[in-house]
Amino acid sequence: MMGMFARAQDLADGVEFWHSQERTGWLMKQGAVIKTWRRRFFVLKQGKIFWFKDDNISSVSKPRGVIDISQCLSVKGAEDVINRPHSFEISTQAESNYYIADTDKEKEDWINAIGRAIVRHSRSMADREVLDYS
């Protein structure tokens, strides 16, 4: 099973992340190896969350990483967990990762957008199962 964070080229999967995004914005995230907080530009589109070093996104931009919504179990506020304002957590069976928005509204908007994407993905999976068994 592939982890939540995969190589960008493996998961971009034809998603044109440079236009018509569902949500974009700056968030802080921890580095995968060195656990310092880094500011990255995030793009949510078609069940994937891409992140970049800057917000000048084009068809030749290379994502620094990708989160596959199909691996996500939940998204929720995390101020109490990491003791940082405007923070939230994205969880899979394997791990939880934390992000910090600039404002509480930004945090809530990201949680709502990611939550809707998780629901859309789970509905599409349920629809496929119904089709497979008919």
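Each reported figure results from applying straightforward, stated rules to the coordinates on display, with no laboratory input. Given the structure is predicted, the values throughout are model-derived calculations rather than measurements. We place every Cβ from the backbone using ideal geometry, glycine too, and count neighbours over all the protein chains shown.
Annotations for the structure displayed:
- Cα shape, the range 1-123, gyration tensor, a/c 1.5 rule: rounded
- With a threshold of 22 Å on the Cα-Cα distance, the over-threshold entries among Lys62/Lys105; Lys48/Lys76; Lys76/Lys105; Lys35/Lys105 are Lys62/Lys105; Lys35/Lys105.
- Estimated FRET transfer efficiency (Trp18, Arg123; beta-carbon r; R0 22 Å; 0.05): 0.25
- Cα shape, the range 25-78, gyration tensor, a/c 1.5 rule: oblate
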